[in-house]
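A short worksheet on the structure shown next.
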């Protein structure tokens with residue numbers, strides 16, 4: 001499983017709800033935690049690993065949280081902090097977020113739970129960032145024009161890398177299809 005980078009179209013799609021939490025979903029969640037550990041982030045959403053499902057994970061120093069079919073049911077206050085995104089490497093800007101959220105979801109066993117971030121504004125920020133991913137929204141959608149201008153250079157570079165990657169992938173498939181001469 002590997003990380004999906006901007007401008008991959010799956011990052012812009014609203015995800016589908018998970019109908020059944022089975023072995024396949026539990027394996028996906030385990031693999032997402034492995035990607036998160038490898039990449040060194042705080043959270044990861046299923047679209048960031050190529051799956052259009054309403055799942056995201058958050059890992060703090062003390063806790064691991066899995067959110068399946070989440071719904072933010074309450075927000076409070078405003079904070080303005082720096083954010084980055086594993087799918088937007090090199091882009092880091094300040095974003096407005098609520099400093100407190102209450103979210104309802106299913107855990108990896110399918111049990112419903114409600115989490116109130118209370119005084120943990122970093123947890124609230126990460127939850128909102130990952131929730132955006134399952135809605136097809138990226139942190140760059142929250143930027144003002146000056147911030148977007150700064151981010152544009154990096155976004156163009158990522159777009160060029162994506163095109164190059166597709167071109168190389170196509171060439172590799174072509175090479176594999178050609179019969180070998182002996």
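The values are calculated or read from the model by the stated rules, or taken from the named source; none is laboratory data. Since the model is a prediction, treat every value here as computed from it, not as a measurement. Here the Cβ positions follow ideal geometry from the backbone for every residue, glycine too, while neighbour counts run over all protein chains shown.
Key figures for this structure:
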{"item": "Residues of the range 83-119 that turn out to be assigned to a strand (DSSP E or B) and within 16 Å of residue 40 (Cα to Cα), as a count", "result": "3"}
{"item": "Selection count, the range 7-33, where residues are closer than 25 Å to residue 91 by Cα, out of contact with any strand residue (DSSP E or B) (no Cβ under 6 Å at 6 or more places or on another chain), at pLDDT 95 or above and not in a helix (DSSP H, G or I)", "result": "3"}
{"item": "Every pair of residues 6+ apart whose Cβ atoms lie under 6 Å, when the first sits in the range 135-152 and is at negative phi and at pLDDT below 95 while the second is part of a loop (DSSP other than H, G, I, E, B) and surrounded by 13 or more Cβ atoms within 10 Å (Cβ to Cβ)", "result": "151/91"}
{"item": "Failed condition for residue 67, given (1) under 15 Å from the mean Cα position of the chain (by Cα); (2) within 18 Å of residue 126 (Cα to Cα); (3) in a loop (DSSP other than H, G, I, E, B)", "result": "(3)"}
{"item": "Sole residue being under 28 Å from residue 22 (Cα atoms), in contact with a helix residue (DSSP H, G or I) (Cβ under 6 Å, 6 or more places away or on another chain) and either free of Cβ contacts under 8 Å to residues at least 60 places away in the same chain or crowded, with 19+ Cβ neighbours inside 10 Å (or both), chosen from 42, 115, 36", "result": "42"}
{"item": "Those residues of the range 129-148 which are in contact with a strand residue (DSSP E or B) (Cβ under 7 Å, 6 or more places away or on another chain) and under 19 Å from residue 17 (Cβ atoms), in sequence order", "result": "130, 131, 133, 134"}
